[in-house]
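Chemist: Here it is, the structure in full.
The values are calculated or read from the model by the stated rules, or taken from the named source; none is laboratory data. None of these values were measured; they are calculated from a predicted model. Glycine gets a Cβ as well: all are built from the backbone with ideal geometry, and neighbour counts include every protein chain shown. Ligands, DNA and RNA are stripped out before the accessible areas are found, and what is left, the full protein with its side chains, is counted by its heavy atoms. Shrake-Rupley method; radii C 1.70, N 1.55, O 1.52, S 1.80 Å.
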Amino acid sequence: MRTGATTTSYCNAIVFNQLNAIFRDSVPMSHPKTSTRTRGFTLIEILVVVVIIGILGAVIVPNLLGRPDQARVTAAQSDLRSLANALDIYRLDNFHYPSTDQGLEALVSMPSGFPEPKNYNPDGYLKKVPTDPWGSPYVYERTGTGFNLFSLGADGNEGGDGLNADIRYEDL
């Protein structure tokens, strides 16, 4: 049984021979088929392939590299949805949302103070409170019957436009 590099070399030789036979049969040659000469790729064929790969790279790479900011916004939106779901489960268990003072930490460990949780899940509701993709904490504020939950965006300040705009759960 062949192993390692020997098997790879053997497989490569088989594939090369099969491809060579296909090209030999499909490309007319000026010499008889009984010749032992093998035909390789021409310089033009290789250049065409290199140009095609270059064009694909020029089109695809900027699309992939130009999206880290959009990826951060999408990650923040996903985090906000997860936090809101955890807050809703907290409310179902305890009949109210955590206070602004208790904050999002109430989802990780049992909070103290008012309002006291009536039926707190001993495992908590999250393993840890995430920070937004720009490294800032998410902002949680308890309102009369609900809550405000948002990221301050790339600049870390309230308001802003474009990437610096706040990302609010209520806008998702």
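Chemist: So if I restrict to the alpha-carbon atoms in the stretch 49-118, what is the Rg, and what is Dmax, the biggest pairwise distance, in Å?
Modeler: Considering the stretch 49-118 through its Cα atoms, Rg and Dmax are 22.2, 69 Å.
Chemist: Rounded to whole Å and sorted largest first, what semi-axes of the equivalent ellipsoid does the C-alpha gyration tensor of the stretch 48-90 yield via the square root of 5 times each eigenvalue?
Modeler: 41, 9, 4
Chemist: Go ahead and run the numbers for FRET between D155 and K128, Cβ-Cβ distance against an R0 of 30 Å, rounding to 0.05.
Modeler: The computed FRET efficiency comes out at 0.75.
Chemist: Work out how far the C-alpha atoms of the stretch 44-172 reach from end to end along every principal axis, then list the three figures in whole Å, largest first.
Modeler: The Cα atoms of the stretch 44-172 stretch 77, 33, 21 Å along their principal axes.
Chemist: I've got another one for you. Find the relative contact order for the stretch 115-166 and round it to a whole percent, using C-alpha pairs within less than 8 Å whose residues are 6+ positions apart.
Modeler: 21
Chemist: Subtracting the Cα-Cα distance from 0.36 nm times the residue separation, let me have the gained length for E170 to A58 in nm, one decimal. Let's see the in-between values first.
Modeler: Numbers: separation 112, 0.36 × 112 = 40.32 nm, distance 3.87 nm.
Using 0.36 nm per residue and subtracting the Cα-Cα distance, I get 36.4 nm.
Chemist: Counting Lys and Arg as +1 and Asp and Glu as -1, what is the net charge of the other residues whose Cβ lies under 15 Å from the Cβ of F150? Please list the in-between numbers first.
Modeler: Numbers: positive: R72, R81, R142, R168; negative: D79, D132, E141, D155, E158, D166, E170, D171.
Summing Lys and Arg as +1 and Asp and Glu as -1 gives -4.
Chemist: Return the FRET efficiency for the residue pair R81, L47: r is the Cβ-Cβ distance, R0 is 45 Å, and the value is rounded to the nearest 0.05.
Modeler: 0.35
Chemist: Over the stretch 51-172, average the accessible area per residue using a 1.4 Å probe and give it in Å², no decimals. Walk me through the numbers before you get to the answer.
Modeler: On the way: 7490 Å² over 122 residues.
I get 61 Å² per residue for the stretch 51-172.
Chemist: Moving to a separate point now. Please sort 160-167, 74-81 by packing, taking for each peptide the average over its residues of neighbouring beta carbons within 10 angstrom, highest first.
Modeler: Highest-to-lowest ranking by the protection proxy: 74-81, 160-167.
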